[in-house]
Structures are given as structure tokens and as C-alpha cells.
């Protein structure tokens with residue numbers, strides 16, 4: 001959740017960054033998504049490397065990178081320098097995100113592991129949403145630089161806590177690593193149709209979710225005339241309600257609702273909801289309600305996909321690599337969504353953004369149907 005602060009600090013800070021550094025809307029899109037660049041390029045490779053380097057070491061390294069990059073980013077004098085800092089934060093983010101699940105499974109009791117993983121899926125909306133809410137109270141009296149300093153301080157504090165509390169835990173020591181080449185295992189996972197479909201589905205989900213959440217503060221300020229603080233609070237609430245969807249997915253699947261119904265049902269319903277956020281003629285209050293409903297309902301998709309990994313991984317030992325591929329797909333979507341949205345809005349207005357969300361949600365639905373077909377073939381007998 002703390003490392004997700006570095007994702008959540010950007011959306012409410014975009015107006016302040018544009019005023020201070022003169023960033024264009026397209027550059028703002030890259031600031032929103034650059035933190036995902038490293039994960040998009042090498043999420044699976046980093047996940048496999050975690051077993052060899054040690055999950056605890058990777059968490060400590062990633063937390064430290066986020067802290068240092070955010071501290072130096074607070075003093076950036078240009079958009080380019082800020083983007084470089086965001087790349088380093090992206091490296092720290094993916095290091096933590098791919099390493100934490102394995103550590104959680106070690107410290108949780110066997111009967112609590114499913115609950116621990118269900119709670120873990122909430123780290124992004126809970127962490128990013130909390131930082132957005134904090135930014136809502138910081139920005140009216142300070143610039144975006146203060147938000148960067150707060151995120152850096154939180155990561156430095158978290159690093160101290162980890163050094164004191166995690167280094168002495170013997171169950172977190174590095175386990176014997178696989179001796180197979182990383183590229184061989186990457187190829188095995190990437191060539192698995194089920195694992196690849198999960199990654200594509202998560203990528204399309206992230207594309208349309210980050211499109212809505214990333215530009216919601218700008219939309220509220222520029223189109224609806226909201227104050228910066230009010231827009232930040234509204235966006236934080238929209239992000240945090242996504243946690244409910246994450247947890248609801250586990251409950252639905254436990255009650256016997258098919259995975260395909262959870263994924264496809266949410267995608268089809270939310271395609272209309274997402275369009276209503278951007279198109280003209282929708283009342284302002286309804287637009288906000290649609291954004292909240294959209295975030296909550298579409299939040300069932302990550303939970304449904306994470307539980308599909310054990311089913312579709314080529315073999316149990318490659319569950320971590322399949323998770324890395326999922327995160328890689330997720331971050332490709334998060335990387336591409338905001339810049340494409342910025343370009344669409346710049347050329348044709350906010351209504352154009354509805355086309356991107358519609359296409360992305362159609363891909364989510366198609367991937368969900370494909371996973372259902374694969375599961376019936378694999379598990380049917």
C-alpha cells in the first residue's frame with residue numbers, strides 16, 4: 001500500500017504540475033503511466049529473478065528506490081527530470097509488487113493464505129486512494145512538490161519498519177532457487193494460452209481503469225469547474241471503492257458464481273457506465289455516481305484473474321512467473337491508457353475517451369470468455 005502511494009500521488013497533482021512546469025496534457029499522461037514502464041517491459045523477468053535474489057531483499061530495495069526517487073523528484077526543475085524520477089519509482093514499485101505475495105504466503109497460516117491474498121489485491125486502490133485523499137488536503141496550501149515529499153517520507157518510514165521487523169524473520173530467508181534459465185521459464189509461461197489471456201485481460205482492465213481514474217481530477221476541474229481539493233477528494237473516493245470490488249470477487253467465486261460471469265458481466269455493464277462518464281449531456285452529479293459505480297463494479301476483475309493463475313499456470317512452480325506476466329500485462333495497459341486518452345481528448349474532446357474504454361472493456365469480456373473455454377477443456381473431465 002505504501003509503494004502504491006507513488007501511483008496515487010500523481011492524478012490530483014497534475015494541475016499543479018502543469019502550472020509549475022508547463023506540462024502539456026500528453027506529458028501529463030506519461031507522468032501518470034511512466035511508473036508502470038519497468039513492469040510493462042520486464043514484470044515476468046523480475047518476478048523470476050525475485051526467487052534468485054530473495055523476495056525480502058527485493059522489497060527492501062524497491063521501497064528504498066521509491067523513497068529516494070520521490071525525494072529527488074520533489075526538486076525537479078523540468079518535466080523530463082520528473083519523468084526520469086518516475087521511471088526509478090516504477091522500478092521500485094514492481095520490485096515490491098512482485099516480491100510481496102511470496103512473503104505473505106510464508107507468514108500467513110495455511111488456513112489464512114486465501115484471505116491474505118484476497119486482501120493483498122486491494123493494495124493498489126487502497127494505497128493509491130489514500131495518497132489521493134492526503135493530496136486533497138496538501139495541495140490547496142502547497143504545490144505538488146509537497147505531495148512528493150510526503151510520499152518519500154512514507155517510504156523512508158516503511159523502509160525503517162521493514163529493516164527492524166523483517167530482517168530477523170527466519171521464515172523470510174531466501175529459498176533454494178530454480179536452476180533453469182530465466183529465459184526458458186519466461187518462454188514457457190508466455191507461450192501458455194491461459195496465462196497470456198489473463199495478462200491481456202488485466203492489461204485491458206488497467207487501461208480503462210487508469211484512463212478514468214487518471215484523468216478524473218482534470219475532468220472535474222476543467223469541465224465541471226471543481227476546486228483542486230474537491231476534485232482530489234472525489235477521485236480518492238472513486239479509487240477506494242475499487243477495494244470493495246476486489247473483495248467482492250472472492251465472495252462471489254466462493255459462492256459458486258462462475259469466473260466468466262464475474263469478468264464478462266462486469267465488463268459489459270461497465271462499458272455503458274464508462275461511456276456515461278465522458279460523453280456530453282450527462283448531469284454532473286450522475287457523472288460522479290457513474291465513476292464510483294464503475295470503479296466498484298469493475299474491481300471484481302482483478303480478484304477473478306488472480307484466482308485463475310493456479311488454474312492456468314503451466315505448472316505450480318511457475319505461479320510466480322504467471323503473476324509477473326499478469327502484472328506485466330496490467331502495466332502495459334496502465335502505460336498506454338493515459339497517453340492515448342490525452343491524445344484523444346486533445347484532438348476531439350473528452351467524448352473521444354469513451355471509445356478507448358469501450359474497446360478495452362470489449363477485450364476484457366473476450367478474454368474472460370476465452371479463459372472460460374480453456375478451463376472447461378482443462379477441468380471438464
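The values are calculated or read from the model by the stated rules, or taken from the named source; none is laboratory data. Remember, it's a predicted structure, so these values are computed and weren't measured experimentally. Neighbour counts run over all protein chains shown; Cβ positions are idealised from the backbone, glycine included.
Residues that are within 18 Å of residue 25 (Cα to Cα) and either in contact with a helix residue (DSSP H, G or I) (Cβ under 7 Å, 6 or more places away or on another chain) or modelled with pLDDT of 85 or more (or both): list the helices (runs of 4 or more DSSP H) wholly contained in segment 206-292 that include at least 3 such residues.
The qualifying helices (runs of 4 or more DSSP H) are 228-240.
Which of the residues belonging to segment 353-381 are free of Cβ contacts under 8 Å to residues at least 60 places away in the same chain and either in a loop (DSSP other than H, G, I, E, B) or touching a helix residue (DSSP H, G or I) at 6+ places or on another chain (Cβ under 6 Å) (or both)?
380, 381
Could you say whether any residue in segment 160-170 is out of contact with any strand residue (DSSP E or B) (no Cβ under 9 Å at 6 or more places or on another chain), modelled with pLDDT of 80 or more, crowded, with 22+ Cβ neighbours inside 10 Å and in a helix (DSSP H, G or I)?
no
Out of 16, 33, which single residue is assigned to a helix (DSSP H, G or I), at pLDDT 80 or above and touching a helix residue (DSSP H, G or I) at 6+ places or on another chain (Cβ under 6 Å)?
So the residue among 16, 33 that is assigned to a helix (DSSP H, G or I), at pLDDT 80 or above and touching a helix residue (DSSP H, G or I) at 6+ places or on another chain (Cβ under 6 Å) is 16.
So, residue 126, is that one within 14 Å of the chain's Cα centre (by Cα) and either surrounded by fewer than 21 Cβ atoms within 10 Å (Cβ to Cβ) or farther than 27 Å from residue 236 by Cα (or both) or not?
yes
Does residue 342 fit the bill of being closer than 20 Å to residue 41 by Cβ and in contact with a helix residue (DSSP H, G or I) (Cβ under 6 Å, 6 or more places away or on another chain)?
Here the answer is no, as residue 342 does not meet what is asked.
Give me the residue from segment 293-334 that is farther than 22 Å from residue 204 by Cα and assigned to a helix (DSSP H, G or I) and, out of that set, modelled with the highest pLDDT.
Once the filter is applied, the top-ranked residue is 318.
So that you can scan it fast, the table gives a plain yes or no per residue for (1) under 22 Å from residue 337 (Cβ atoms); (2) touching a residue at least 12 places away in the same chain (Cβ under 8 Å):
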site	(1), (2)
8	yes, yes
14	yes, yes
18	yes, no
29	yes, yes
34	yes, yes
58	no, yes
95	no, yes
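Do the conditions hold for residue 67, that is, is it closer than 15 Å to residue 162 by Cα and in contact with a helix residue (DSSP H, G or I) (Cβ under 6 Å, 6 or more places away or on another chain)?
Answer is yes for this residue.
Are there any pairs, at least 6 apart or on different chains, whose C-beta atoms fall under 6 Å, with the first in segment 198-214 and surrounded by fewer than 24 Cβ atoms within 10 Å (Cβ to Cβ) and the second modelled with pLDDT under 90, and if so, which?
Filtered contacts from segment 198-214: 200/329.
Table: residues versus (1) part of a helix (DSSP H, G or I); (2) modelled with pLDDT of 85 or more; (3) out of contact with any helix residue (DSSP H, G or I) (no Cβ under 8 Å at 6 or more places or on another chain); (4) more than 30 Å from residue 228 (Cα to Cα).
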{"site": "91", "(1), (2), (3), (4)": "yes, yes, no, no"}
{"site": "129", "(1), (2), (3), (4)": "yes, no, no, no"}
{"site": "135", "(1), (2), (3), (4)": "yes, yes, no, no"}
{"site": "138", "(1), (2), (3), (4)": "yes, yes, no, no"}
{"site": "148", "(1), (2), (3), (4)": "yes, yes, no, no"}
{"site": "157", "(1), (2), (3), (4)": "yes, yes, yes, no"}
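What is the one condition in (1) under 20 Å from residue 308 (Cα atoms); (2) buried (at least 19 other Cβ atoms within 10 Å of the Cβ); (3) within 18 Å of the chain's Cα centre (by Cα) that residue 244 does not satisfy?
That leaves (2) as the condition not met.
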